[in-house]
1. Search the range 31-50 for residues being of a type in the set (A, V, I, L, M, F, W, C) and in a loop (DSSP other than H, G, I, E, B), and hand back the single one that is modelled with the highest pLDDT.
2. So which residues in the range 31-50 are touching a helix residue (DSSP H, G or I) at 6+ places or on another chain (Cβ under 6 Å) and β-branched (Val, Ile, Thr)?
3. Has the range 171-187 got at least one residue that is at pLDDT below 95, surrounded by fewer than 20 Cβ atoms within 10 Å (Cβ to Cβ) and within 20 Å of the chain's Cα centre (by Cα)?
4. Could you tell me whether the range 247-255 includes any residue that is surrounded by fewer than 19 Cβ atoms within 10 Å (Cβ to Cβ), of a type in the set (Ser, Thr, Tyr) and part of a helix (DSSP H, G or I)?
5. List, please: which pairs have Cβ atoms under 8 Å, are six or more places apart or on different chains, and start with a residue in the range 267-285 that is in contact (Cβ under 8 Å) with a residue 12 or more places away in the chain and end with one that is of a type in the set (Phe, Trp, Tyr)?
6. Give the residues of the range 196-212 that are crowded, with 16+ Cβ neighbours inside 10 Å, closer than 18 Å to Leu151 by Cβ and not hydroxyl-bearing (Ser, Thr, Tyr), sorted by residue number.
7. Got a number for residues in the range 180-228 being among the aliphatic types (A, V, I, L, M) and outside any helix (DSSP H, G or I)?
Amino acid sequence: MRVLVAGASGFVGSRLCPALEEAGHDVLAMTRHPAKYRGAGTAVRGDVADVGSLRDALKGADAAYYLVHSLDRVDFKRRDADAARAFARAAAGAGLRRIVYLGGLGDDDDTLSDHLASRREVERLLGETGVPVTVLRAGIVIGHGGISWELTRQLVERLPAMLTPRWVSTRTQPIALADVVRYLVGVLDHPEAEGRTFDIGGPEVLAYRDMLERVAAIEGRPLLILPVPLLSPRLSSYWLALVTDIDVTTGRTLIGSMTNEVVVRDDAIRRIVEFEPMGYDEAVRQALGERRRTA
């Protein structure tokens with residue numbers, strides 16, 4: 001199948017492109033700067049802010065992966081909505097048979113954060129022009145270079161003790177980057193996944209505090225966590241920007257989502273793409289190992 005990956009040079013896309021090639025697909029890696037692209041697949045120019053470039057990029061494609069987000073912008077909700085509308089129009093015009101989108105976990109009957117609500121809006125907008133959309137919803141993805149993972153790693157490595165807000169008690173279901181890629185590649189070969197939404201996660205449900213403590217144990221570092229319930233999201237974002245490489249805008253967006261429980265409610269995907277997802281500790285060791293190899 002000829003497959004376009006929007007977001008080919010990003011955290012997930014850079015791992016997805018070689019996996020798709022290995023599975024026998026012809027990969028078009030969409031990027032705004034094709035001359036600089038050094039990853040797997042054939043680089044094609046495309047910009048989600050330019051509908052004309054999307055039409056050209058999607059020409060001849062059978063399916064597309066949509067992995068585009070803009071968390072580092074104050075107006076990310078508007079930007080992501082505009083981009084999804086443009087991509088959906090271009091996909092319909094190109095006669096695309098399928099879009100696969102990586103969204104976020106979270107209960108629809110919960111009061112979702114701006115970040116998660118935006119992910120839901122993108123799901124809806126991608127399907128507005130009639131192209132079937134397969135949605136995979138994930139929580140924290142554990143892998144070298146991922147924003148949420150980097151936040152966890154850097155807090156553990158830079159602070160032997162930390163004052164934390166209430167979100168450290170929120171439950172999530174982290175998943176290894178390699179397993180996200182396996183699900184993304186796997187759904188393409190299964191017609192029964194077309195037009196459906198799936199929850200994906202690792203085998204363990206953990207609070208953010210558990211995640212921090214287990215990374216500290218793996219790295220052999222001391223860690224004392226003192227929850228401070230009244231610490232506001234705004235103050236938390238400034239604290240994260242001071243201690244980690246995460247900017248204030250991105251930090252505030254991520255922290256807003258940490259109040260939402262993000263766990264798998266329906267594991268139907270396990271009966272379509274069959275494998276055993278790796279546990280949290282193994283995912284952490286893989287991420288740390290990749291960081292050492294690329295340092």
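1. Ala40
2. Val44, Val48
3. Scanning the range 171-187 turns up at least one residue that is at pLDDT below 95, surrounded by fewer than 20 Cβ atoms within 10 Å (Cβ to Cβ) and within 20 Å of the chain's Cα centre (by Cα).
4. So far as the range 247-255 goes, yes, one or more of its residues are surrounded by fewer than 19 Cβ atoms within 10 Å (Cβ to Cβ), of a type in the set (Ser, Thr, Tyr) and part of a helix (DSSP H, G or I).
5. Ala268/Phe198; Ile269/Tyr183; Ile269/Phe198; Ile272/Phe198; Val273/Tyr183
6. So the first thing to find is which residues in the range 196-212 are crowded, with 16+ Cβ neighbours inside 10 Å, and the list is 196-202, 204-206, 208-212.
Narrowing further to those that are closer than 18 Å to Leu151 by Cβ: 202, 206, 208-212.
Matches in the range 196-212: Gly202, Leu206, Arg209, Asp210, Met211, Leu212.
7. First, the residues of the range 180-228 that are among the aliphatic types (A, V, I, L, M): 180-181, 184-185, 187-188, 193, 200, 205-207, 211-212, 215-218, 223-226, 228.
The next check asks that each one be outside any helix (DSSP H, G or I); those that pass are 200, 205-207, 223-226, 228.
Selection size over the range 180-228: 9.
Every residue, every condition in (1) in a loop (DSSP other than H, G, I, E, B); (2) of a type outside the set (S, T, N, Q); (3) in contact with a helix residue (DSSP H, G or I) (Cβ under 9 Å, 6 or more places away or on another chain); (4) modelled with pLDDT under 95, yes or no:
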{"site": "Ser9", "(1), (2), (3), (4)": "yes, no, yes, yes"}
{"site": "Ala19", "(1), (2), (3), (4)": "no, yes, yes, no"}
{"site": "Ala29", "(1), (2), (3), (4)": "no, yes, yes, no"}
{"site": "Gly52", "(1), (2), (3), (4)": "no, yes, yes, yes"}
{"site": "Ala57", "(1), (2), (3), (4)": "no, yes, yes, no"}
{"site": "His69", "(1), (2), (3), (4)": "yes, yes, yes, yes"}
{"site": "Val74", "(1), (2), (3), (4)": "yes, yes, yes, yes"}
{"site": "Ala90", "(1), (2), (3), (4)": "no, yes, yes, no"}
{"site": "Tyr101", "(1), (2), (3), (4)": "no, yes, yes, no"}
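The values are calculated or read from the model by the stated rules, or taken from the named source; none is laboratory data. None of these values were measured; they are calculated from a predicted model. Quick reminder, even Gly has a Cβ in these numbers, built from the backbone with ideal geometry, and neighbours come from all protein chains shown.
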